[in-house]
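Notes to accompany the following structure.
The values are calculated or read from the model by the stated rules, or taken from the named source; none is laboratory data. Please read all numbers here as calculations on a predicted model, not as lab measurements. Glycine also receives a Cβ, built like all others from the backbone with ideal geometry; neighbour counts cover every protein chain displayed.
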Amino acid sequence: MADAQRFADAALTLVGAPFRLHGRSCKTGLDCVGVAVAALAMIGRPAAPPDDYRLRGGSLPRFDGWAAECGLAVVPQHGQGGAGDVLLCQAAPQQFHVMIDAGDLLIHAHAGLRQVTAMVPPAPWPVLRRWRLKEEG
């Protein structure tokens, strides 16, 4: 099975985990970045969250740098999405939100529901960037 599908499947297993801002543990809580970091670790691709990650005030270049460090490459705007892609959405001005495409569902940490959830696409916010795992080999 390709890493992208394994990554999507790993993200699906996190549904129901508690939400916690800056959370990095499936047991004590995850935020949107924590979901991506945890799912990457589950497939043997450990990654760190972006440096100086805040609820507001992030920057697209900083997230692009983080994605590259995680082994993710930008999918061209005209490219088709797929399971295992990571979406960077703009939830509000200067507020970014990370979601994982699991095929028929988008996985993300929902602050209002206080847990990691799955929702039917499309994303409710503009998608600024879509990244895809580079295959190792």
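Assorted remarks:
- All positions within segment 98-137 that are basic (Lys, Arg) and part of a loop (DSSP other than H, G, I, E, B): Arg114, Lys134
- Filter result for Ala73 (in contact (Cβ under 8 Å) with a residue 60 or more places away in the chain, under 22 Å from Leu105 (Cα atoms) and surrounded by fewer than 21 Cβ atoms within 10 Å (Cβ to Cβ)): yes
- Among the residues here, Thr28 qualifies as modelled with pLDDT of 95 or more, hydroxyl-bearing (Ser, Thr, Tyr) and surrounded by fewer than 17 Cβ atoms within 10 Å (Cβ to Cβ).
- Among residues of segment 1-25, those that are assigned to a loop (DSSP other than H, G, I, E, B), more than 15 Å from Glu136 (Cβ to Cβ) and modelled with pLDDT under 95, counted: 3
Results for (1) surrounded by 12 or more Cβ atoms within 10 Å (Cβ to Cβ); (2) in a helix (DSSP H, G or I), shown as yes or no for each residue.
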{"position": "Val33", "(1), (2)": "yes, yes"}
{"position": "Pro50", "(1), (2)": "yes, no"}
{"position": "Gly58", "(1), (2)": "yes, no"}
{"position": "Phe63", "(1), (2)": "yes, yes"}
{"position": "Trp66", "(1), (2)": "yes, yes"}
{"position": "Gln77", "(1), (2)": "no, no"}
{"position": "Phe96", "(1), (2)": "yes, no"}
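- Of all residues in segment 105-120 being over 13 Å from the mean Cα position of the chain (by Cα) and surrounded by 15 or more Cβ atoms within 10 Å (Cβ to Cβ), the one that is nearest to Leu88 (Cα to Cα): Ala111
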